[in-house]
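Here's the structure we're looking at; comments come further down.
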Amino acid sequence: MSIGLIRKTGTYFKTGAMALLLSAASCTEKAPVITKDVVEFTYPTAAKLIENFENGARHSVTVFVKDSAPQIVKKDSMLNYKLVPDTLLAKLKTLPDTIELYYQVYKGKADKLIQSKLKNKDNLLTVGHGTTGRDYIQLADGSKAFEGDFILQKTADSIFNVALNRKDSILKANIDSTSYESLKKNEKDAVLSYLYNVSEKLLSKTDSKRDIPESFFECLSKGEKAKVQSKFNVVPSHEGAACGLAKRNLIQFLVYGDGAVLDEKYARKTANKLLDVFKDRADSRKILKEIFDMTEAYGVDSTKLTKTKAEFFEYLAK
């Protein structure tokens, strides 16, 4: 059986864990709870947003298990497992206990391009919904999964939740308590998603030579929402990754603004600069449609998003 038969998981989830990860925006915030089959995410909508960017489900495989399922299956050992045929999966709404979903540890295309420009030759690897590691993914018990290995879904969900909670702790430590408590769900989700992919040092950096000298965190603490929105503008170290990162930035930008470009010149400038990344591409309208589809799927103000959509498509047409 070839491990090349990796498929998109679609709607076939182990009861509890992924269903909660992809839950609607109305989910309440809870402390992380890990039981036999369920992993509850502290910020399910932030998790949903990040997972949509990573799309780790493409690097997954569903297999039959006889007894207990190991946390890590080595790349070569997966050949010993029997894959669940798609014809069977199509009939299932949840996965029975005799079936387990595994995520494969992989190196993304953009990460390969960026890595080629860095002096540090450690491989940036990803698994599941966006959990990353240098050269390997480390589990709570200290075991390591390397590129090509497979991690059990429950385990991948758990380490993702731990990482997301850690980012929330960083956010809380870098802004004043009043500002933290006043963040709306969409604002916190956008910031956590951004922080998940960007170094906290970058978001703490001030620069007197820039239009906005204050750091991302300083603007957030001061409640300067338009300036915060304008700072969803990180750029890649390799031009080959520019389009994908611009898409991610724009989605986070729009989620933070609840579908709108906030009323401030710097926010508008950032939006235009991000649009310029793919404005001259033949598939620019397709890319922009994907951005709005993902933003709409997350759940923002539909009236604001409709207005922004018209503005963005008009900008592309200029």
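Where a number appears in this text, it was derived from the coordinates with a stated rule and is not lab data. On a predicted model such as this, the values are computed, not experimentally measured, just so you know. Positions of Cβ are backbone-derived with ideal geometry, glycine not excepted, and every protein chain shown enters the neighbour counts.
Things to note:
- Cα-Cα over 29 Å, subset of Lys93/Lys167; Lys144/Lys185; Lys201/Lys307; Lys185/Lys231: Lys93/Lys167; Lys144/Lys185; Lys201/Lys307
- Here the Karplus relation 6.51 cos²θ - 1.76 cosθ + 1.60, evaluated at θ = phi - 60°, turns the backbone of region 284-291 into coupling constants of 4, 5, 5, 4, 5, 4, 4, 4 Hz, with x for every Gly and Pro.
- Listed values for region 87-101 are Karplus-derived 3J(HN,Hα) couplings in whole Hz (6.51 cos²θ - 1.76 cosθ + 1.60, θ = phi - 60°), namely 5, 6, 4, 5, 9, 9, 9, 9, 8, x, 5, 7, 10, 10, 9, and x replaces Gly and Pro.
- The modelled label-to-label distance between Lys307 and Ser169, using points 7 Å beyond Cα along the C-beta direction, is 4.1 nm.
- Estimated from the Cβ-Cβ distance and a Förster radius of 35 angstrom, the FRET efficiency linking Ser177 and Glu290 is about 0.40.
- Amide H to amide H distances under 5 Å link Leu95 with Phe13, Lys14, Thr15, where only residues 5 or more positions off or on other chains count and H is placed in the peptide plane.
- In Hz, Karplus ³J(HN,Hα) per residue of region 219-224 (6.51, -1.76, 1.60; θ = phi - 60°; x = Gly, Pro): 5, 5, 5, 7, x, 8
- For Gln71, neighbours were defined as the other residues whose beta-carbon sits under 13 Å from its Cβ, and their charges (Lys and Arg +1, Asp and Glu -1) total -1.
- Residues whose amide H comes within less than 5 Å of that of Asn123, counting only those at least five positions distant or on another chain, are Asp135 (H built at 1.01 Å from N in the peptide plane).
- Residues of type aspartates and glutamates that Lys227 reaches as a straight line, Cα spacing below 18 Å, ignoring anything fewer than 8 places off in the same chain: Asp176, Glu187, Asp189, Glu200, Asp207, Asp211, Glu214, Glu218, Asp258, Asp263, Glu264
- Applying 1/(1 + (r/R0)^6) with R0 = 22 Å to the Cβ-Cβ distance of Glu200 and Asn123 gives a FRET efficiency near 0.50.
- Considering region 168-233 at the alpha-carbon level, its Rg and Dmax are found to be 10.9, 32 Å.
- R0 of 41 Å, Cβ-Cβ distance Lys184-Glu147: FRET efficiency to nearest 0.05: 0.60
- Global form of region 51-91, assessed from the alpha-carbon gyration tensor, a/c cut-off 1.5: oblate
- Anisotropy class of region 216-318 from Cα gyration tensor, a/c 1.5 cut: oblate
- Volume per residue of the C-alpha convex hull in region 150-191, rounded to whole Å³: 79
- Distance histogram in 5 Å bins (all Cα pairs of region 264-318, percent per bin): 4, 18, 29, 27, 18, 4, 0
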